[in-house]
1. Whole angstrom only: what separates the Cα centroid of the stretch 36-74 from the Cα centroid of the stretch 100-179?
2. Can you give me the C-alpha center-to-center distance between the stretch 220-243 and the stretch 564-578, rounded to a whole angstrom?
3. Quick one: grab the alpha carbon gyration tensor of the stretch 199-413, order the square roots of its eigenvalues as a ≥ b ≥ c, and give me rounded if a/c is under 1.5, else prolate or oblate depending on whether a/b is larger than b/c.
4. Which of rounded, prolate or oblate describes the stretch 20-88 when judged by the alpha-carbon gyration tensor and an a/c cut-off of 1.5?
5. In the stretch 336-391, if every C-alpha pair distance is counted and binned at 5 Å from zero, what percent goes to each bin?
6. Two decimals, Cα atoms only, Kirkwood Rh: what is Rg/Rh over the stretch 100-195?
7. If only Cα atoms are counted, what is the Rg of the chain, and what is its Dmax, in Å?
8. For the stretch 172-236, which trypsin sites (Lys or Arg not before Pro) are both in a DSSP coil and crowded by at most 14 other Cβ atoms within 10 Å?
Amino acid sequence: MGVESPAQQKNRFFQFATIESLLMASPIDTHAEYLDPILGRHRHNANDLLQILIAAQDHYGYIHSDAIDHLSEQLKLPRSKIEGVSGFYSFLHLQANGEYRVLFSDNITDRMLGNMDLMQSMCSQLWVEPGKVSEDGLLSINTTSCTGLCDQGPALLVNNIAINRLTRERVNAICELIRERVPVSAWPAMFFAIEDNIRRRDILLDSHTKPGSALAALLQRGTRATLHEIRISALRGRGGAGFSTGLKWEFCRDARGEQHYVVCNADEGEPGTFKDRVLLNGYADMVFEGMTLCARIIGADRGFLYLRGEYRYLLEHLQAVLQHRRQQNLLGNNILGHAGFNFDIEIHLGAGAYICGEESALIESLEGKRGTPRNRPPFPVTHGYLDQPTVVNNVETFAAASLIALHGGAWYAGIGTDTSHGTKILSVSGDCERPGLYEYPFGVTVAQVLADCGAHDTQAVQVSGASGVCIAADEFNRRIAFDDIPTAGAFMVFDQSRDMFEVARNFVHFFAHESCGFCTPCRVGTSLLSNMMDKLAEGHGSPYDFAEIKKLNALLQSTSHCGLGHSACNPVLDTIAKFRPAYDKRLAQKDFVPAFDLDRALSQARQMTGRDDTGAHLERSHESE
């Protein structure tokens, strides 16, 4: 469970490292030549469309129009559906996007560490505009949402592989490597050394359980008795919603269906959250063991781990863990020699869509569709993957279930508070000396976490990411617990030097970028909200805009299809209430002022004509009349 060496990490990063094999290979005559083997591996199953598209792009560099025709014919799918899926995910491309695809992580913590200056430096050195492909087709540079490296940023992805701890020197070196067309697989190993940064361990992160021990305990105790232990442990989902794990498993077990499924949600896209990255890197056996426990209890023989595209560099490592478990008879048929105990796990990759962290959107993506949240009810426990009973739980939840199977529900329930049992892993980042992972029993105060991570002169803490709550200094005695501050794990620290308006503005732009576009209130509302925040930033704000933000929040809360729209205004309303001076200094006007300044827009024309007299200005001309 230790941190791998840079060389080990580098070796496993590149089995799936993308376009370079194509660039070095001889041209192919038809798309069928590379698509047919991909289709064969996926048994021509249209439910695997997203995985097929990812593999196709890996080979060719983007999803070619002719490739879509071939897939449409072979999978018996309308071309429009394949294009629709391809266009939904930000990591898939329908046009050539360069031999090197560079995406700078644009989370607020990356901004605090100077990511925009580093990105501009790279663009200047390589003569490319942000968001565009260079004229020679060599590369493209753009931003992406949080990459899950907030504890060691600034970070970027190059051809879907993560590089952390960016400095000007490292960016200069990357520019030189790109200019020389050095394959990414030949770049220095230290660029790809991702650290776990575990700062405080408790029952889970300090666990050294032997693979298979929890399954042995399950078989000895029995499935019903083990479910009872999960129930009395009061384990609640660690992905943020906090629903009873035992109750969810029981509902799914009792639901009618031809098959039952287990899904591990490893699509942690909430800004500031990176605990699942560490659990998958160092504790994958515990996670897979928890999934196998669940499968035995609910009667499933097939499971999926949905791995976010930003964590693709973990794929080979996770596949190796699964294969080792199969060799140990911990997956497959007749697990541990127990007749009829059959279960195996597949890993499905995401492709850059925050909304797929929502469980029904994740299931849609597993089925090879656009990741659009479903109407609920019905819930996944009765109508999930392929409309069959499905348990969807978080990475941390499955790992905790393994501990409960080993040590019992009463032991687990005795940790934490009366209403929040067990421990919680926090992803701590921002203005602190020791960012990383901290595991605490539920009930720890915000102040204690700040002291442990070396935070000083703290102004605010954003708990549970952009969709969570902003805690001001007079609230630092509040506790991390379901009955006070529930969280999926993000804990972002901001000291007195930070502008909380800009923090909220970054979150608002994140929501606008990540809206799936399914419902009009969210699609339009998040865009309007980001425009309002930009208007304030540009000095056109007035009290009128505050009233409009409140109206917009009411609209989004009541009419949005899913939680993204419901929570989009949270960071703005929280910071207005708790950090009003950050907004007041931007209220340059007492009355309404439009966001578009026509006179300013004409400034370029005045420069071209050499005119700057009164008649060349709209306002001055109006005043003279």
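1. One Cα centre to the other: 29 Å.
2. Here the answer is 33 Å between Cα centres.
3. Details: a/c = 1.33, a/b = 1.16, b/c = 1.14.
It is rounded, given that a/c, with a ≥ b ≥ c, falls under 1.5.
4. On the way: a/c = 1.72, a/b = 1.51, b/c = 1.14.
It is prolate, given that a/c is not under 1.5 and a/b is the larger ratio.
5. For the stretch 336-391, the binned pair fractions read 5, 18, 24, 21, 12, 9, 6, 4, 0 percent.
6. With Rg and the Kirkwood Rh in hand, the quotient comes to 0.92.
7. Just the Cα atoms of the chain yield Rg and Dmax of 25.5, 94 Å.
8. Details: sites: R179, R181, R199, R200, R201, R221, R224, R231, R236; in loops: R181, R201.
Within the stretch 172-236, the qualifying trypsin sites (Lys or Arg not before Pro) (loop, at most 14 other Cβ atoms within 10 Å) are R181, R201.
Computed from the coordinates by the stated procedures, all read-outs in this text should not be read as laboratory data. Not measured: the values here are computed from a predicted model. Every residue, glycine among them, receives a Cβ derived from its backbone with ideal geometry; neighbour counts consider all protein chains shown.
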